[in-house]
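Participant: Here you go, one structure.
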Amino acid sequence: MHYGDLTDAMNLTRIIQECQPDEIYNLGAMSHVAVSFDTPEYVGNVDGLGTLRILEAVRILGLEKKTRIYQASTSELYGGMPENKNDKGFYDESSPFYPRSPYGVAKIYGFWITKNYREAYDMFACNGILFNHESPRRGETFVTRKITRAVSKIALGLQDKFYLGNLEAQRDWGHAKDYVRMMWMILQADQPEDWVIATGVTTTVRDFVSMAFNQVGISLEFKGEGVDEKAYVTACSKQEFQLAIGKEVLSVDPTYFRPTEVDLLIGDPSKAKNKLGWVPEHDLASELKDMMASDVELMKKDVTLLNAGHEILKQSE
Ligand code: G4F
């Protein structure tokens, strides 16, 4: 393990010199799109120039022919502009970019500098244009994990309700396990290229919420529009997770709206499937099952702790 920082070129160069790596996966970034509006300069430095610092270190050290580089590019580059989809209605490797956040703008620099170093210095440097990928390890402030944690807590009686921003947004959500395997495959390919990794299916945040509640046997109905939209319980089919019918479990909070939003993302992974033989093992349903099972187990530990606390209090009375 080495300590490093994408804003520190000297330190990156020293680490790369010491390690003489065959492969570098640049997954380092400030990756929260909403936070990038509050920290635009920092994001430009880390996500944009940080990529250059790695490429330049490899070049200066004369490792161009030894070290293969994977750059974590992102579907945020497309910005969800409807006119930029291909004839079949997807974003693919030839779709134009139109980033909609300081994060997306910084990542576009990372994309182009990777491509430029590949062409200028004949380096094996590739962009994986990954659409959203999720797992039980997803950070708690990204929408999928925020939902699975909140739904688990509500189902177990640990939380009353929760708040989200734009419920209309649509994302192409895949499983991180499938996507990380593909990152490795990209660096094992014969030629350095750029690749779209996606499922080809898009889902609204609202439907993701319903699917998460369904995992614990709870059905919802949404009422109201825009900032007044709310979700209410309509049925509970599992003995373990019983809530009052009509209970309000979700409201919209405009605090979570973004100054500019990416409305819809859907990717076409045909190139990865046809040329590299990538076969994803998960769909959104299995991914959600994974995330909900993990978070329900995690929150049950809170229930156990809470009960133990109550027991201690009772005994001390
Ligand atoms: O989960 P999100 O924050 O992910 P977002 O913005 O799509 O970005 C993620 O995926 C990208 C790949 O396309 C990565 F490059 C990036 O680093 C990151 O991993 O938000 C998804 C959608 C957005 O439209 C957002 O407005 O959910 C909407 N949303 C609604 N309520 C919310 C919330 N997002 C968050 N984080 N929190 C909310 O309360």
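The values are calculated or read from the model by the stated rules, or taken from the named source; none is laboratory data. This is a predicted model, so every value here is computed, not measured. Glycine also receives a Cβ, built like all others from the backbone with ideal geometry; neighbour counts cover every protein chain displayed. Side chains included, ligands, DNA and RNA excluded: accessible areas come from the protein's heavy atoms. Shrake-Rupley method; radii C 1.70, N 1.55, O 1.52, S 1.80 Å.
Participant: Under 22 Å Cα-Cα from K66, which lysines qualify once same-chain neighbours fewer than 8 residues away are excluded?
Facilitator: K66 reaches K115.
Participant: Below 14 Å Cα-Cα, how many Lys pairs turn up in region 138-256? Only count pairs eight or more apart in sequence, or on different chains, if you could. Don't jump to the answer; show the numbers that get you there.
Facilitator: On the way: K146/K161; K153/K161; K161/K230; K161/K247; K223/K247; K230/K247.
Taking region 138-256 as the scope, the lysine pair count is 6.
Participant: Give me the extension gain from Q191 to N86: residue separation times 0.36 nm, minus the current Cα-Cα distance, reported in nm with one decimal. Let's see the in-between values first.
Facilitator: Values: separation 105, 0.36 × 105 = 37.80 nm, distance 2.44 nm.
Result for the pair: 35.4 nm of gain on full extension.
Participant: Show Y109, Y179 ordered by accessible area, largest first, where the area counts protein heavy atoms only and the probe is 1.4 Å. Could you put the intermediate results ahead of the total?
Facilitator: Details: Y109 85, Y179 0 Å².
Sorted by accessible area, descending: Y109, Y179.
Participant: How much net charge surrounds F37 when only other residues with a Cβ under 15 Å from its Cβ are counted (Lys, Arg +1; Asp, Glu -1)? Mind showing how you got there, number by number?
Facilitator: Working: positive: R100, K107, R258; negative: D38, E41, D47, E76, E261.
Taking every other residue near F37 into account, the sum is -2.
Participant: Kindly give Rg over Rh for the chain, based on alpha-carbon atoms, with the Kirkwood expression for the hydrodynamic radius.
Facilitator: On the way: Rg = 22.0 Å, Rh = 21.4 Å.
With Rg and the Kirkwood Rh in hand, the quotient comes to 1.03.
Participant: Going by average Cβ density within 10 Å per residue, which order do the peptides 182-195, 140-153 take, highest to lowest?
Facilitator: On the way: 182-195: 16.1, 140-153: 20.5.
In descending order of packing, they fall as 140-153, 182-195.
Participant: Next question, about the same structure. In square angstrom, what is the accessible area per residue of region 228-291 with a 1.4 angstrom probe?
Facilitator: On the way: 3420 Å² over 64 residues.
In whole numbers, region 228-291 has 53 Å² accessible per residue.
Participant: Given a 1.4 Å probe and heavy atoms of the protein chains only, how would you sort S286, S316, largest accessible area at the top? Mind showing how you got there, number by number?
Facilitator: Details: S286 40, S316 90 Å².
Descending accessible area places them as S316, S286.
Participant: Output the antiparallel fraction of DSSP beta bridges having both residues in the chain, as a percent to the nearest 5.
Facilitator: Numbers: 11 of 31 bridges.
Bridges in the chain that DSSP calls antiparallel: roughly 35 percent.
Participant: What is the calculated FRET efficiency for F257 to Y42, with r their C-beta to C-beta distance and R₀ = 22 Å, to the nearest 0.05? Intermediate results must be reported in sequence, preceding the final value.
Facilitator: Numbers: r = 22 Å, r/R0 = 0.99.
Computed FRET efficiency for F257 and Y42 comes out at 0.50.
Participant: In terms of the ratio Rg/(2.2 N^0.38 Å) built on C-alpha atoms, what value belongs to region 177-317?
Facilitator: Details: Rg = 21.2 Å, N = 141, 2.2 N^0.38 = 14.4 Å.
Compared with the compact-globule rule of thumb, region 177-317 sits at 1.47.
Participant: Now for a separate question. Going 7 Å from the Cα of V227 toward and past its Cβ, which residues in region 157-173 have a backbone nitrogen under 15 Å from where you end up?
Facilitator: Only 164-167 pass the distance filter.
Participant: Quick check: Cα centre of region 1-72 to Cα centre of region 98-155, how many Å?
Facilitator: Distance between centres, Cα-based: 15 Å.
Participant: I want to verify a result. In a Gaussian network model of the chain, Cα cutoff 10 Å, which of these has the top mean-square fluctuation: V303, V216, V46?
Facilitator: V303
Participant: Using only helices, what value at 222 nm comes out for the chain when you add -39,500 (n - 2.57) per DSSP H run of length 4 or more and divide by the total residues, to the nearest 500 deg cm²/dmol? All intermediate terms of the calculation are to be shown ahead of the outcome.
Facilitator: Numbers: 10 runs with 127 residues, N = 317.
Rounded to the nearest 500, the figure is -12500 deg cm²/dmol.
Participant: Further question on the same structure: First select every other residue whose beta carbon is under 14 angstrom from the beta carbon of G309; then total the charges, Lys and Arg +1, Asp and Glu -1.
Facilitator: Working: positive: K301, K314; negative: D302, E311, E317.
Overall, the nearby charge balance is -1.
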